Amino acid sequence: MSPAWVLPTVRATSWWPLAVVACCLAVVAVPLHAGALGADGPADDLLGPVAAALAAAAVAGLRDPAAALLAAVPAPAPTRRTHRLVLLVPAALVVWSAWLALGDDVRPPDLLALVALVALGLAGALAAAGRGGAPVGASAALAVGTAAPVVWVLASRAGGHGWDAHVGALLVVGATALVLGRDR
């Protein structure tokens, strides 16, 4: 038996960003796996952008269209956000694992790297929201959070570093944002 919040949260969660990214990856994966794109598996050049797209989709799924309506109910916004994360992150990890399975092996650090990018996106959204409300607006704060993983991967590439070189630091930033963002 699942907790009482699961079914309403599944219904209220915006799944389309993750579904769109998963469909796009499936379209790319078929010729990639068949060797039509000249690679044996998920090319290392694609891992960063794929992880960024999945992380951005997971963060975009945090959109709470009923936030104003639900402001008066006992479940505060941070609790609803956490419930959405509990559902979205494993779904993104399933898609990420399927993408990685096209290669030789799936290593736990690869899975953790996606979680770290989601944490970075969450940190960006919470930082943009500000304490005591969203000075830039909830949609703009979510846009910042959605852009954060993409910007991280692009900046890492531009700087000549691996996008997954600082997974531990990203996880600390994301966990800190989640704890400090409980009032946002």
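A short reminder: the numbers here are calculations on the coordinates, not readings from a lab. All values derive from a computational prediction rather than experimental measurement. Cβ sites come from the backbone with ideal geometry, for glycine too, and all protein chains shown count toward neighbours.
Numbers at a glance
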| quantity | calculated |
| --- | --- |
| Theoretical gain in end-to-end length, residue 154 to residue 14 [0.36 nm per residue, Cα-Cα removed] | 47.8 nm |
| Net charge of Cβ neighbours under 11 Å - reference residue 84; Lys, Arg +1; Asp, Glu -1 | +2 |
| Peptides 73-81, 165-173, 2-10 ordered by average Cβ neighbours within 10 Å, highest first | 165-173, 73-81, 2-10 |
| Residue 165-residue 6 pseudo-label distance in nm [points 7 Å out on the Cα-to-Cβ vector] | 4.1 |
| Theoretical FRET efficiency, 1/(1+(r/R0)^6), r = Cβ-Cβ of residue 75 and residue 112, R0 35 Å, to 0.05 | 0.75 |
| Distance between modelled label sites at residue 23 and residue 97, nm, 7 Å Cα→Cβ extension | 2.4 |
| By average C-beta atoms within 10 angstrom, highest first, the peptides 12-21, 148-157, 110-119 | 110-119, 148-157, 12-21 |
